[in-house]
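Everything on this sheet refers to the single structure shown next.
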Amino acid sequence: MKRSVLTLALLLALFVSTVPVLAKAPTGFESGVSTSELQQAYADGTIHILIVPGHEPMYGGAVYQGVYERELTVEISNKLSQLLEQNPHYEVTVARTGDAWNPSLNNYFDRNMKSIKKFVDTQKKLMKKLVRKGTVEERGEEEQVDHATAPDDVALRLYGINKWANENDVDLVLSLHINDAPDHGEDTPSAYAGFAAYVPDPQYGNAGPSRDIAEAIVPRLSALNAVSTLPGEGDGVVEDQELIAIGSYGTLLVPSVLLEYGYITEPKFTNTEVRKTVADDYAYQTYLGLQDFFKAPISTKYPTLALPYQFAGTPAVGSSSPAVYSLQAGLHTLGFYPAATSSSAIATHTPSLALCSVSGLMNGCTIDAIKAFQKKNSLEQTGALGPKTRTLLNSLIGI
Ligand SMILES: [Zn+2]
């Protein structure tokens, strides 16, 4: 292009971009910030992350045997916030504590309910119009995973969080959940296990970077956890048009990922002895994934905060402890957990973290893995963490 033409084009571009009449507010259906712009913003300065622990303070969310999703999500959020805050490239807002909304959000809900309602109506109408015009395609029920619907006031607060994020220079929204499944009883666990990362439908403007962020987090979670076994969640990253937290009806202009870390009936959540270890690890793996996305990866020897670990005793069969969690994680890292010989592996023809999870529970999966480790190292195959096995493990993954 000749210089004069270029100058003219530049002037025109400048003119167009500064004429207010032509500057339309984004609607949530045009592409917003790109992955490279977001990565550049990290390199140049700070990224404002809003962490939303799933559900309301005091109510809602999955419950099983006295374990509450809404409490676990706060524990994971707090650890994630702590990890992020050590890095000057992040500014973190956590949406709530165990018993109250963040004061900024609380004030926002109190003062803006009417405008939040209006905002949601406008977006719904806009989407209807775009669907009618054929610009946007509505996903059928059969194309998406079913979700529990939020009551009206809860839904409005979720939309309110989106609107607040749009207006408060938030760069990324992470919503943290533990999954519920319709198939579990009061004391019978769900048949499903594993994590899934929900991202906006590709027709929403925030979809591109959201997917890229999820695709960075998934491998870090996969290093120690199974991808969900629920049909529709098997890819790890799941597109969704209806989840409010990731911007249904184009209500969120900011990239967003909703993480379902696992199913509430999984032993890793119900064993209270390992609760903190499990929560900290989910936060850590999420943090590592974010660093990968922002091209500032953290080099680590282990995919878990539970290693290295110095083993001292012989855990009893049926007991549950952080030591057993470290043992399983360690044997997994060394390639012995789950063992190919475990009954679950034989049944499914593949050793699977979904059936033999890193749970902290000294069970058959753990015994089989110890035996496999002992066999490989010409030790007596007792399946127990005796002195010789312990010494060898400590030399490999001890402190
Ligand atoms: Zn939830």
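For Lys163, list the lysines whose Cα falls under 24 Å from its own Cα; do not include residues on the same chain fewer than 8 positions away.
Leaving aside lysines fewer than 8 places away in the same chain, those within reach of Lys163 are Lys24, Lys114, Lys117, Lys118, Lys124, Lys125, Lys128, Lys129.
Once you compute Rg and the Kirkwood Rh from C-alpha atoms, what is the Rg to Rh ratio for the stretch 122-176?
1.02
Highest mean first, how do 149-159, 321-331 rank when packing is the count of other Cβ atoms within 10 Å averaged over residues?
So the peptides 149-159, 321-331, ranked by packing, come out 321-331, 149-159.
I need the per residue convex hull volume for the stretch 254-399, using only the alpha carbons, in cubic angstrom as a whole number.
129 Å³
With bins 10 Å wide starting at 0, give me the P(r) of the stretch 55-181 over every alpha carbon pair, in whole percents.
It works out to 10, 33, 35, 19, 3, in whole percents.
Just the number, please: Stokes-Einstein D of the stretch 229-273 in µm²/s, Kirkwood Rh from C-alpha pairs, 20 °C, 1.002 mPa s.
168 µm²/s
What is the ratio of the Cα radius of gyration of the chain to 2.2 N^0.38 Å, where N is its residue count, to two decimals?
After normalising by residue count via 2.2 N^0.38 Å, the value is 1.11.
Just from its helices, what would the mean residue ellipticity at 222 nm be for the chain, if runs of 4 or more DSSP H residues each count -39500 (n - 2.57) and the sum is divided by every residue, rounded to the nearest 500 deg cm²/dmol?
My calculation for the chain gives -14000 deg cm²/dmol from helical runs alone.
Out of the DSSP beta bridges found with both residues in the chain, what percent are antiparallel (nearest 5)?
Looking only at bridges with both residues in the chain, the antiparallel portion is about 25 percent.
Rounded to whole Å, give me the distance from the Cα center of the stretch 223-269 to that of the stretch 32-57.
The distance from the Cα centre of the stretch 223-269 to that of the stretch 32-57 comes to 18 Å.
How about the stretch 106-142: which GluC sites (Glu not before Pro) there are in a DSSP loop, with at most 16 other Cβ atoms within 10 Å of their Cβ?
Here the GluC sites (Glu not before Pro) that fit, given the DSSP loop and packing criteria, are Glu137, Glu138.
Which lysines have a Cα lying under 16 Å from the Cα of Lys376, excluding residues fewer than 8 positions away in the same chain?
Within the straight-line cut-off, Lys376 pairs with Lys388.
Quick note: the coordinates plus some simple rules give every number you see, no bench work behind them. All figures in this text were calculated on a predicted structure; none of them were measured in a lab. For neighbour counting, all protein chains shown are included, and Cβ atoms are generated from backbone atoms with ideal geometry for every residue, glycine included.
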